[in-house]
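Undergrad: Supplied in structure tokens, the structure appears directly below.
The values are calculated or read from the model by the stated rules, or taken from the named source; none is laboratory data. A quick note: this is a predicted structure, and the numbers were derived from the prediction, not measured. A quick note on method: Cβ atoms are made from the backbone with ideal geometry, for glycine too, and the neighbour counts reach across all protein chains shown. Remember, those area values only see protein heavy atoms, side chains included, never the ligands or the DNA or RNA. Shrake-Rupley method; radii C 1.70, N 1.55, O 1.52, S 1.80 Å.
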Amino acid sequence: MEKNNETLRTLRHSVSHIMAQAVQNLFPQAKLAIGPATDTGFYYDFDLTDGYAFTEDDIAKIEDEIKRILKENLTFECYVIPDVDAQIAEFKAQGEIYKAELLEEHRNDNPTLYLTKDKDGKVLFNDLCAGPHVPSTSYIKANAIKLLKVAGAYWCGNENNKMLQRIYATAFWNKEDLQSYLTFLEEAEKRDHRKLGNALDLFSVREEVGGGLVLWHPNLAIVREEIENYWRSEHRKRGYVIVNTPHIAKSKLWEISGHTGHYRENMFFINDDGEEYVLKPMNCPFHILIYQANRYSYRQLPLRMGELGTVYRNEKSGALAGLTRVKGFTQDDAHIFCTPEQMVDEIDAVIDFVSDTLKIFDMSFEVELSTRPESFVGEISNWDKAEAGLKEALDNRKMKYEINEGDGAFYGPKIDFKIQDALGRTWQCATIQLDFNLPLRFDLKYQDKDGVLKTPVMLHRVIFGSMERFHGILIEHYAGAFPTWLAPTQAVVVPISNEKHADYAEKVYKKLRDAGIRVQLDDRSESMNYKIRENLQDKKTPYVLVVGDKEIEANSVAVRARGIGPAGVLTVDDFTEKITEEIKSRAANLTIKE
RNA sequence: GCCGGCAUAGCUCAAAGGUAGAGCAACGGUUUUGUAAACCGUAGGUUGUAGGUUCGAUUCCUAUUGCCGGCUCCA
């Protein structure tokens, strides 16, 4: 067997068997559930039956036991189950109820066991498993295995089932690969937006306010302002109208929209003297009401209506995390009302919008198309047309995408765009959803060519998804070192001597400030070296401008660029012009260098 | 919501059944610097909250809140 990336999953799967064997050696009561390989390692789920949970000590002991087992040089052998009923009975007799359940499910798939044997042919461990496996433990390097963490996980991923103990681990062909993976994890941790959010004074979440309710500090508010400016101008260019709507509405509205039925547990309710209000979990009903305020002819469609709308969703407490999963967030929401004929072009235009936008941030994304779920509303013929429309739009531009059968919303199919964060986790940000439900519920109409009143097609779409989540991803994407157009402070003027150069420094500072650059004057009584280091390294400011005698002489600044070093001596006008161009073009990298 | 872990100064972390210490930041002073951390000093904490055990709890126990890693859910 060749040791390459394709067979790495096989190795990991084999190590998961060894880990299960080690666990059962140390914890004979442990029942086996499943233990697959993943993209970055593997895990195994155990039921410890007595409610016991693995401790850190246990993990260390299991790791030692794995090493001990590996020294025995065992072989993996496939064994076709001759009599499924007998094997199920045996699993049950052993108390392996999960294996019995799995075998029952796979009874017609020619199920196999994999046996782990010692050199005398004695079976030390067996597991219901389709394989494949490495031939023997000689392929497994003890120093290339690492048990990473313990977590609870429901049997079959269903929250009504028993919670099992999952051990996450990873394995590589050699210890160097393991080491570089662990280094990657450490690096990723440094990029964590929650750490950087604190270190760079970007945002906070306070207990007194509540979990998932974000306080945007001035630094991140500047980033957001720039992003919102981009968002607004881009929407105007692309023919959207922008609206504003309230944060609360009477329950009645949410009954019409169907939210009180389908979305109730995520909603916040407010009572005022017998009148019940809801804190809006979505913006759609308001936009629909704005549509309803006018009669539309086919000539006036499509109507593209956008809003930076703040919504509140009562998430399960354990679901909250930093900026990426919150209770109150602002969606860059828009709803497009169009005729069925216009649908594909509108979808196409939104895909354009998403790609153009993510390109600016140098972000890569994956596309998923989700189709009709089991329970759905509307006509099947409409669903088919809509799915075909989404596919057509994606195929027309030769975009790669995966299809998630049956994963659409109950009201329509959708295209999701997923961005990766620093740890390689993917986050749904942009999404385009077709909706057959709300136009009917609100009885929306437009008058067509033939004079007949017809129901428009409605598209929900977001580009960033939520401002909170997008900023979380943005922080990690740039590791806190924002490009100049987004940087809270774009340049800092540092006089070499406050006594001799303060006046000139202030002159430079004012000139840049008046040119619209976010500049600061660092005239603290600190050494020049300290200021350079702090501003570039700690605060991650793009440019430090050092000024002394020579610069006064030449009316210039000595530029030092973040992560680059000395970036030449420019006249103040020259620097202003260059940085202004860099900001205006929303350059992804620093452009002023030597 | 579920399983597990954690909670000490503004931040990052130590220590410990006899009420806690460092670095950075802050403040005061000295220094006025030519390209990624000058020096000296001062101040700063009911150890998340509420109970319990104990002569004594910040440490042990219980509850609670928040956060972290997952599961479920999701923009």
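Undergrad: Among helices (runs of 4 or more DSSP H) lying entirely in segment A:232-322, which contain 1 or more residues that are touching a residue at least 12 places away in the same chain (Cβ under 8 Å), in contact with a Phe, Trp or Tyr (Cβ under 7 Å, 6 or more places away or on another chain) and at positive phi?
TA: On the way: elements: A:251-257, A:259-262, A:284-292.
Qualifying helices (runs of 4 or more DSSP H): none found.
Undergrad: Would you mind listing the strands (runs of 3 or more DSSP E) fully within segment A:107-189 where at least 2 residues are within 16 Å of RNA strand B (Cβ to nearest atom) and closer than 24 Å to A:Gln29 by Cα? Break it down stepwise before answering.
TA: Values: elements: A:112-117, A:123-128, A:145-154, A:163-171.
The strands (runs of 3 or more DSSP E) meeting that bar are A:145-154, A:163-171.
Undergrad: What's the number of the condition A:Phe46 fails, among (1) more than 13 Å from RNA strand B (Cβ to nearest atom); (2) surrounded by 13 or more Cβ atoms within 10 Å (Cβ to Cβ); (3) within 23 Å of A:Ser14 (Cα to Cα); (4) of a type outside the set (D, E, K, R)?
TA: (1)
Undergrad: Can you pull out every residue in segment A:404-428 that is touching a helix residue (DSSP H, G or I) at 6+ places or on another chain (Cβ under 9 Å) and at pLDDT 90 or above?
TA: So the first thing to find is which residues in segment A:404-428 are touching a helix residue (DSSP H, G or I) at 6+ places or on another chain (Cβ under 9 Å), and the list is A:408, A:410-415, A:417, A:419-424, A:427-428.
Hits for segment A:404-428 are A:Pro413, A:Lys414, A:Ile415, A:Phe417.
Undergrad: Would you check if A:Lys449 is under 23 Å from A:Thr357 (Cβ atoms) and assigned to a loop (DSSP other than H, G, I, E, B)?
TA: On the way: under 23 Å from A:Thr357 (Cβ atoms): no; assigned to a loop (DSSP other than H, G, I, E, B): yes.
When the stated conditions are applied, A:Lys449 does not pass them.
Undergrad: Here's a follow-up. Would you say A:Asp574 is assigned to a helix (DSSP H, G or I) and either among the β-branched types (Val, Ile, Thr) or open to solvent by less than 90 Å² (accessible area, probe 1.4 Å) (or both)?
TA: Working: assigned to a helix (DSSP H, G or I): yes; either among the β-branched types (Val, Ile, Thr) or open to solvent by less than 90 Å² (accessible area, probe 1.4 Å) (or both): yes.
Yes: the conditions hold for A:Asp574.
Undergrad: What are the pairs with Cβ atoms under 6 angstrom where one residue, in segment A:36-57, is within 30 Å of A:Gln420 (Cβ to Cβ) and the other, located anywhere, is open to solvent by 20 Å² or more (accessible area, probe 1.4 Å) and away from RNA strand B (no atom under 11 Å from the Cβ)? Sequence gap at least six, or different chains.
TA: Sorted first by the residue in segment A:36-57, then by its partner, the pairs are A:Ala37/A:Arg9; A:Ala37/A:His13; A:Asp45/A:Ile34.
Undergrad: Assuming A:Glu526 fulfils every condition listed in (1) over 32 Å from the mean Cα position of the chain (by Cα); (2) within 11 Å of RNA strand B (Cβ to nearest atom); (3) crowded, with 17+ Cβ neighbours inside 10 Å; (4) not aliphatic (A, V, I, L, M) apart from one, which condition is it?
TA: Against the list (1) over 32 Å from the mean Cα position of the chain (by Cα); (2) within 11 Å of RNA strand B (Cβ to nearest atom); (3) crowded, with 17+ Cβ neighbours inside 10 Å; (4) not aliphatic (A, V, I, L, M), A:Glu526 comes up short only on (3).
Undergrad: Still on this structure: Of all residues in segment A:559-569, how many are open to solvent by 20 Å² or more (accessible area, probe 1.4 Å) and part of a strand (DSSP E or B)?
TA: Of the residues in segment A:559-569, the ones open to solvent by 20 Å² or more (accessible area, probe 1.4 Å) are A:560, A:562-564, A:566, A:569.
Subsequent filtering for residues that are part of a strand (DSSP E or B) retains A:560, A:566, A:569.
The qualifying residues number 3.
Undergrad: Still on this structure: Report, by residue number, each residue of segment A:237-283 that is open to solvent by less than 80 Å² (accessible area, probe 1.4 Å) and among the polar types (S, T, N, Q).
TA: A:Thr245, A:Ser251, A:Ser257, A:Thr260, A:Asn266, A:Asn283
Undergrad: Pick out the one residue from A:Tyr52, A:Tyr79 that is farther than 18 Å from A:Thr116 by Cα, open to solvent by 30 Å² or more (accessible area, probe 1.4 Å) and either over 29 Å from the mean Cα position of the chain (by Cα) or not β-branched (Val, Ile, Thr) (or both). Let's see the steps before the verdict.
TA: Values: A:Tyr79 fails: farther than 18 Å from A:Thr116 by Cα.
Every option except A:Tyr52 fails the conditions.
Undergrad: Let me ask you something else. How many of the residues making up segment A:452-474 are open to solvent by 30 Å² or more (accessible area, probe 1.4 Å) and part of a loop (DSSP other than H, G, I, E, B)?
TA: Our first condition is that a residue be open to solvent by 30 Å² or more (accessible area, probe 1.4 Å); within segment A:452-474, this holds for A:452-455, A:469.
Okay, now just the ones that are also part of a loop (DSSP other than H, G, I, E, B), so A:452, A:455.
Residues flagged as open to solvent by 30 Å² or more (accessible area, probe 1.4 Å) and part of a loop (DSSP other than H, G, I, E, B) within segment A:452-474 amount to 2.
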